[in-house]
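What follows is a set of notes on a single structure, which appears directly below.
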Amino acid sequence: MKPIPQIETSELRSRLQNGENVYMIDVREDEEVAAGMISGAKHIPMGDIPNRLDDIPRDQEVIIICRSGGRSQHVCEFLSHQGLDNVINMKGGMLQWHDDEE
């Protein structure tokens, strides 16, 4: 299996600020996303991913987001095994995203 592509939070932020249409899925739990999500991200908790494969586009890149980058990496690997080769892991997760804001 080929390595999962990674995106830095700074690159994602820049792409969003430039008005790029980026498909993002936040795989954190309900109580985690209640504290805030990246604007425009879809919320599909990690445990729901296997049952919601049809909700994930195959014709554009999909950036997977979690708290620190670990769960999203696992989701990317799972999706890659399911034949989705368009997934990208957001390195550092929301912790890094918030650190970049300061």
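Here are the numbers:
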quantity	calculated
Note, ³J(HN,Hα) from phi for segment 39-54, Karplus 6.51, -1.76, 1.60, rounded to Hz, x at Gly and Pro	4, x, 6, 8, 10, 10, x, 3, x, 8, 3, x, 8, 10, 4, 5
Per residue accessible area in Å² of the chain, where ligands, DNA and RNA are left out and the probe is 1.4 Å	55
222 nm mean residue ellipticity, helices alone, for the chain (DSSP H n ≥ 4; -39,500 (n - 2.57); rounded to 500)	-9000 deg cm²/dmol
Simple Cβ-charge dipole of the chain, Lys/Arg +1 and Asp/Glu -1, about Cα centre, in debye nearest 20	260
Coordinate range along principal axes, alpha carbons of the chain, Å, largest first	37, 28, 22
Segment 44-102: C-alpha gyration tensor shape, a/c 1.5 cut-off, then a/b vs b/c	prolate
Candidate residues Arg15, Arg58: accessible-area rank, largest first, probe 1.4 Å	Arg58, Arg15
List Leu79, Leu53, ordered by accessible area with a 1.4 Å probe, largest first	Leu53, Leu79
Chain lengthening between His98 and His81 when straightened (0.36 nm per residue, less Cα-Cα)	3.1 nm
Accessible-area composition of the chain, carbon plus sulfur, in percent [1.4 Å probe]	44
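The values are calculated or read from the model by the stated rules, or taken from the named source; none is laboratory data. Remember, predicted model here, so these are calculated numbers, not experimental data. In this analysis, Cβ positions are derived from the backbone assuming ideal geometry, glycine residues included, and neighbour counts consider all displayed protein chains. Side chains are part of the model used for accessible areas, which takes the heavy atoms of the whole protein and leaves out ligands, DNA and RNA. Shrake-Rupley method; radii C 1.70, N 1.55, O 1.52, S 1.80 Å.
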